[in-house]
Every structure is written in C-alpha cells, then in structure tokens.
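Everything below concerns the one structure shown next.
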Amino acid sequence: MAKEFFEALKSRRSIYGIGKDVSVNEAKIQEIVEDAVKYTPTSFNSQTSRAVVLFGEQHDKVWDITLAELKKVAASEEAFAATTDKINSFKSGYGTILFFEDQDIVKNLQNQFALYADNFPIWADQSSGMLQLVVWTALHDEGLGATLQHYNPLIDAGVQEAWNLPSSWKLRAQMPFGSPLAPAGEKAFQPVEERVKVFK
C-alpha cells in the first residue's frame with residue numbers, strides 16, 4: 001500500500017493540456033472530492049475546508065468570470081491575448097474544483113484559543129494545501145490531468161455571487177481537470193540531501 005501511495009504521488013504532475021474526453025463519471029469525481037474533504041486532516045479537527053465541483057456550463061462559467069476580471073487589469077491587448085489563450089486552455093477541460101476555507105470557523109477558533117490566534121489562518125491554509133494534493137493525486141490515479149491555479153482574490157466576488165456561496169468561504173485555489181492531451185515535461189529536482197537533514 002505504501003508503495004502504491006508513493007507511486008501515485010511521484011507520478012502526479014501539472015497537466016496543462018486537458019480535454020473533455022473523460023471516462024470517469026461525475027459521481028466518481030464527486031466521491032473523490034467528498035472523501036478528500038472528509039478525511040484530509042485539519043488543525044483541532046476544525047474541518048474548515050470546503051469545495052465546489054463544477055461540470056459543464058458551470059465549469060465554463062468560472063473561467064468566463066476569470067477572463068472578464070483579467071481583462072479589467074490587462075496591461076495591453078497583446079498581453080490579454082496570451083491570457084485569453086491560457087484561460088481557454090483551462091476552460092477546454094472537463095471540470096473545475098474550487099477550494100475554500102471557512103473563515104467563520106477560523107475566527108471562532110481564534111476567539112476560543114487566543115494563545116494560538118495567529119496560527120489558525122496558517123493552519124487552515126496548510127489543511128487546504130493537503131486537501132488539494134489529495135484531490136489532485138486521486139484524480140491523477142483515475143487517469144485525469146489537472147493543474148492548480150490561483151486567480152483569487154481577483155475572482156472572489158464573482159465566484160461568491162455566481163454560486164451564492166457563504167461570505168465566510170475564502171477562495172484558496174482552482175483546479176481545472178480533464179483528459180490529458182499531452183504528458184507533463186521533465187521535472188528537475190534539487191538534491192534531496194540539501195533539502196532533508198537527518199540527525200541520529
């Protein structure tokens with residue numbers, strides 16, 4: 001089991017070319033996200049993580065919102081043309097998962113445990129990162145390609161309004177996914193000996 005876990009972790013990569021030819025059914029993708037949200041650890045078992053799964057027109061909508069917001073801040077028409085291509089590459093996928101952290105829970109914990117107040121937002125973000133990795137790896141294991149994007153806070157208001165989400169849900173990341181159209185490129189690694197120290 002440990003070998004299978006690490007093989008999945010090692011082979012999970014950012015796949016930017018994604019399409020809609022997906023054999024995994026939507027119920028299975030929903031199950032993956034629900035299990036990940038349920039079982040990914042959170043500090044104080046606070047269960048702060050939230051997720052929204054978008055398919056079909058709803059998936060298209062989040063990238064339309066993103067493109068509209070980016071157009072407002074584009075430096076030039078040329079720059080926006082490149083941006084449009086990038087956003088359309090995400091939109092060409094099968095679906096998108098939005099990751100949030102519930103700030104009401106974070107604030108309540110800060111009030112209850114004043115000694116750790118500064119740490120609760122950090123711990124919530126750590127939980128969100130773990131959740132994103134769990135979902136990403138599980139999607140990869142099902143043969144799907146995905147990337148992790150961060151257009152928050154630029155799109156926060158539009159996302160909240162489009163899906164009538166609680167104001168306490170803070171958007172942390174967006175994960176477009178779909179059928180892989182091309183493999184990931186080679187990945188360079190820094191020497192692990194410089195990144196891990198062991199003392200006996």
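Most simply put, the chain has about 95% antiparallel DSSP beta bridges, counting only bridges with both residues inside it. When peptides 162-171, 42-51 are ranked by their average number of other Cβ atoms within 10 Å per residue, the highest-first order is 42-51, 162-171. Charge tally around Lys10: other residues with Cβ under 15 Å, Lys/Arg +1 each, Asp/Glu -1 each, net 0.
With helices as the sole contributors, the chain gives -15500 deg cm²/dmol at 222 nm; each DSSP H run of n ≥ 4 counts as -39500 (n - 2.57), and the sum is divided by every residue.
May I ask for the net charge around Leu154, where only other residues with Cβ less than 15 Å from the Cβ of Leu154 are counted and Lys, Arg are +1 while Asp, Glu are -1? Spell out each step's value before the answer.
On the way: positive: Lys71, Lys72, Lys86, Lys170, Arg172; negative: Asp64, Glu69, Asp156, Glu161.
For residues surrounding Leu154, the net value is +1.
Long hydrophobic helices in the chain, taken as whole DSSP H segments with a C-alpha length of 24 Å or more on their own axis and mean Kyte-Doolittle hydropathy at least -0.5: 120-141.
Coordinate-derived values only; no laboratory data. If you're wondering where the values come from, they're calculated on a predicted model, not measured in any experiment. Methodologically, a virtual Cβ is constructed for each residue, glycine included, from the backbone with ideal geometry; neighbour enumeration extends over all protein chains shown.
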